[in-house]
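What follows is a short report on a single structure.
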Amino acid sequence: MTDTPAFILHTPQLGENIGAACRVMANFGLPELIVVDPRDGWPQDKAITMSAGSPVHDNARVEYRLSDALHDVNRIYATTARPRGMEKPVMTAREAVADMRAAIAAGERVAVMFGGEKAGLPNEAVTMADAIITLPVDRSFSSLNLAQAVAVIAYEWKAEEGTPAEFEPVSDIARREDLEGMFEHFEYELERAGYFYPPSKTPLMTQNLRNAFIRGRWTEQEVRTFRGAVKALALGRGKARVVRED
């Protein structure tokens, strides 16, 4: 049993879409792709190019009958925007992902089927599904690009984990004394340029500027860069020859 669903592209036509699907699956940690009866055969140069080196492409499995792709699957979801007149649960992508996770936790093997670009999934494929996934697209223009549909489900799968985006922490947040020096430098040049007018409003204007700057969570490098910019502007006026840097 795997801890992620398999994605199945049923009779896809364009290699570009297959490659884009591989790329976005790798982005969201979904490693297993099964391609069923691709129109232009396999492998495809356009799919390779569009996959941008995705390991999902390199490990993709190709079958020529849907039954072979589904032979070891316990629970199947069919993506479709068209009503099929079938008595099946209809879920949003988010609801379906929660259902998938529960099924996988119970030991089931899960797969999501996506139809080809021309007509989507055929009725015989939808018939095999336990549930239908329908996205809230505009009904007057409901045809969604194959790779985009894969991206929506892949995103919901990752989002359901509740894992925050991973960014490198910023370790050089400016100290208050650095900010204070920057404020004084900036305010000094503004005063020389005649910005604080009328003088009675200087405290309020200074307060507003400082509040805006503090919200920015400046780094030490940003403080140095900004002070360099202030210095350059002051010198460019032709009035300042000595600029405060304390």
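The values are calculated or read from the model by the stated rules, or taken from the named source; none is laboratory data. The model shown is predicted, which means the values in this text are computed figures rather than measured ones. Virtual Cβ from ideal backbone geometry, glycine too; neighbours counted across all protein chains shown.
Side notes on the structure shown:
- Residue list for segment 85-129, restricted to those being within 24 Å of the chain's Cα centre (by Cα), basic (Lys, Arg) and farther than 23 Å from Asp72 by Cα: Arg94
- Positions within segment 46-64 being surrounded by fewer than 20 Cβ atoms within 10 Å (Cβ to Cβ), closer than 15 Å to Pro12 by Cβ and not β-branched (Val, Ile, Thr), in sequence order: Lys46, Arg61, Glu63, Tyr64
- Where helices (runs of 4 or more DSSP H) fall entirely within segment 175-245, those with at least 1 residues that are of a type in the set (Lys, Arg), at pLDDT 85 or above and under 35 Å from the mean Cα position of the chain (by Cα) are at 220-236.
- Residue tally, condition in contact (Cβ under 8 Å) with a residue 12 or more places away in the chain and at positive phi, over segment 35-82: 2
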